[in-house]
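Asks: Would you mind keeping the following structure in view while I ask a few things?
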Amino acid sequence: MINAPKGTKDVLPAQSYKWQYIEDCARETARLFGLKETRTPVFEHTELFLRGVGETTDVVNKEMYTFEDKGGRSVTLKPEGTAGVVRSFIENGMSSLPMPVKTFYITPAFRYERPQAGRLREFHQFGIEVFGAKSADADAEVIFAASTFLKKSGIKNVRLELNSIGCPDCRAEYNKKLKDFLRPRLDGMCSDCRSRFDKNPLRILDCKEEGCKKITAGAPKIVDCLCDDCRAHFARVQSLLSVRGEKFEVNPNIVRGLDYYTRTVFEFVSDEIGAQGTVCGGGRYDGLVESLGGAPTPAIGFAAGLERLLLLMENTGVTFPEEQKPVIYIAGLDEKCRAVAFDIALSLRANGVPCEVDLMERSVKAQFKYADKLGAQFVAAIGGNELETGFVDIKNMSDGTSERVNLSGICEYCKKAGAGV
Ligand code: HAM
């Protein structure tokens, strides 16, 4: 037997309605916030992620699914959605469109990580990207879009954590201060952090090792070192959220795992799904479009991990809307009656009524049993008598009552009676 690759998960027919519900919440959020869909390829030239996500990140260094195609090009399965959308924005000349350009995606993403609850090698993201707006209002709108999506999905108890990691100018100043603080303490830090020290010291703040966390607890905070513009921007983002009752905490250790961020970064975190509690993460990336060859364009976005969201919804007992059940099952006594049932079913479906017929050559009794298992609201059994008279009893499966209806009137009856039509 061949098993699915480690870190991947099938979505089974009996579970897919939950996914569809989550995707409906995403699309509805996108509709409300005026976000239009972008679909980009599952694989891109590797260089896009090296330059886009950043060569010093764990994602690029350790986690990418990179391979040579038969033409000898290095390609990579997308580890996240932003870089591809930015590439598409530039390649398709979208900077000449009226700004802001607001887009969303629902995409699989691939990271070679150690699988655990909420961490897979193939996972899915609902993400949004807003190009062209440098205002703090854009940051607030993107955060509200994330919060709207999470609320729509029905989850509670996620907290919003917010930080500003400044612009290249104030961050360079901060990096100096941070390194001065960390240098004499490096011996007590993990090997990952020691190697981050030169390449990307900010990432040290994100380390999950207890020893490293203790040391960085006393480190200077970037929010205390922002330049005037970055400080004013961050203050306005906070005030736009507070005034509207959106609760948040400033967490100076949120630096995010990808290199492109500037200024506002944020995460929605839950304590109810274990170690991988970040359901949604995002931030501003004002330099990325330019660094990938486009015109200088400020941008901001987020992505929510759909497997983590589903886990949280299941763990906290969110009720999903019922999946569609057949409105009616048309049973048939024998080959001739089944042929009539088949035609009736086709015409019902053509009129928008979900229905089922026997494909297993079962007895009528077994067909009733199966219809019950499917959760059909009504069953109509066609036998010789029904063919002769042109009338059939439609049985209501929930209360056992039945009503005699003309064969040609089944559709009308279902439409009148069927809540699921
Ligand atoms: P990220 O924080 O790397 O950001 O990923 C966003 C979300 O994807 C995470 O919060 C998490 O819910 C989910 N996720 C990440 N890795 C895994 C995994 N291995 N298994 C399951 N879920 C996972 C980004 O990807 C940015 N592109 C977000 C963004 C958009 N920033 C600006 N625009």
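Asks: For residue 59, work out the one condition from (1) open to solvent by less than 30 Å² (accessible area, probe 1.4 Å); (2) within 16 Å of residue 288 (Cα to Cα); (3) at pLDDT below 95; (4) not small (Gly, Ala, Ser) it doesn't fulfil.
Replies: Of the numbered conditions (1) open to solvent by less than 30 Å² (accessible area, probe 1.4 Å); (2) within 16 Å of residue 288 (Cα to Cα); (3) at pLDDT below 95; (4) not small (Gly, Ala, Ser), the odd one out for residue 59 is (2).
Asks: Residue 314 - would you say it is modelled with pLDDT under 95 and more than 14 Å from the ligand (Cβ to nearest atom)?
Replies: Criteria not met by residue 314.
Asks: Among the residues that make up region 102-119, is at least one of them surrounded by 20 or more Cβ atoms within 10 Å (Cβ to Cβ), assigned by TED's automatic domain parsing to the domain that holds residue 29, more than 16 Å from residue 36 (Cβ to Cβ) and more than 11 Å from the ligand (Cβ to nearest atom)?
Replies: no
Asks: Does any residue of region 316-333 turn out to be open to solvent by 50 Å² or more (accessible area, probe 1.4 Å) and either in contact with a Lys or Arg (Cβ under 6 Å, 6 or more places away or on another chain) or closer than 30 Å to residue 264 by Cβ (or both)?
Replies: Yes, region 316-333 contains at least one residue that is open to solvent by 50 Å² or more (accessible area, probe 1.4 Å) and either in contact with a Lys or Arg (Cβ under 6 Å, 6 or more places away or on another chain) or closer than 30 Å to residue 264 by Cβ (or both).
Asks: Could you check, for region 130-138, whether at least one of its residues is within 16 Å of the ligand (Cβ to nearest atom), more than 29 Å from residue 22 (Cα to Cα), part of a loop (DSSP other than H, G, I, E, B) and in the same structural domain as residue 162 (by TED's automatic domain parsing)?
Replies: Yes - at least one qualifying residue is present in region 130-138.
Asks: Could you check residue 170 against (1) open to solvent by 20 Å² or more (accessible area, probe 1.4 Å); (2) more than 31 Å from the chain's Cα centre (by Cα); (3) touching a residue at least 40 places away in the same chain (Cβ under 8 Å) and say which number it fails?
Replies: That leaves (1) as the condition not met.
Asks: Of the residues that make up region 273-280, is at least one surrounded by 19 or more Cβ atoms within 10 Å (Cβ to Cβ), within 8 Å of the ligand (Cβ to nearest atom), in contact (Cβ under 8 Å) with a residue 60 or more places away in the chain and over 13 Å from residue 164 (Cβ atoms)?
Replies: Taking every residue of region 273-280 in turn, at least one turns out to be surrounded by 19 or more Cβ atoms within 10 Å (Cβ to Cβ), within 8 Å of the ligand (Cβ to nearest atom), in contact (Cβ under 8 Å) with a residue 60 or more places away in the chain and over 13 Å from residue 164 (Cβ atoms).
Per-residue answers, yes or no, for (1) without any contact (Cβ under 8 Å) to a residue 40 or more places away in the chain; (2) more than 18 Å from residue 367 (Cβ to Cβ):
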site	(1), (2)
386	no, no
392	yes, no
403	yes, yes
408	yes, yes
412	yes, yes
415	no, yes
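Asks: OK, next. Looking at (1) touching a helix residue (DSSP H, G or I) at 6+ places or on another chain (Cβ under 7 Å); (2) surrounded by 15 or more Cβ atoms within 10 Å (Cβ to Cβ), which is the only condition residue 368 fails?
Replies: In the conditions (1) touching a helix residue (DSSP H, G or I) at 6+ places or on another chain (Cβ under 7 Å); (2) surrounded by 15 or more Cβ atoms within 10 Å (Cβ to Cβ), residue 368 misses (1) alone.
Asks: From the residues in region 344-365 that are open to solvent by less than 90 Å² (accessible area, probe 1.4 Å) and charged (D, E, K, R), which one is nearest to residue 415 (Cα to Cα)?
Replies: Restricting to residues being open to solvent by less than 90 Å² (accessible area, probe 1.4 Å) and charged (D, E, K, R), the top hit is 356.
Asks: Just to be sure before I move on: is residue 369 away from the ligand (no atom under 16 Å from the Cβ) and either among the aliphatic types (A, V, I, L, M) or without any contact (Cβ under 8 Å) to a residue 24 or more places away in the chain (or both) in the structure I sent?
Replies: When the stated conditions are applied, residue 369 passes them.
The values are calculated or read from the model by the stated rules, or taken from the named source; none is laboratory data. Here the structure is a predicted model, which is why all the values come from computation and not from measurement. Quick reminder, even Gly has a Cβ in these numbers, built from the backbone with ideal geometry, and neighbours come from all protein chains shown. These accessible areas exclude ligands, DNA and RNA; they are computed on the full protein's heavy atoms, side chains included. Shrake-Rupley method; radii C 1.70, N 1.55, O 1.52, S 1.80 Å.
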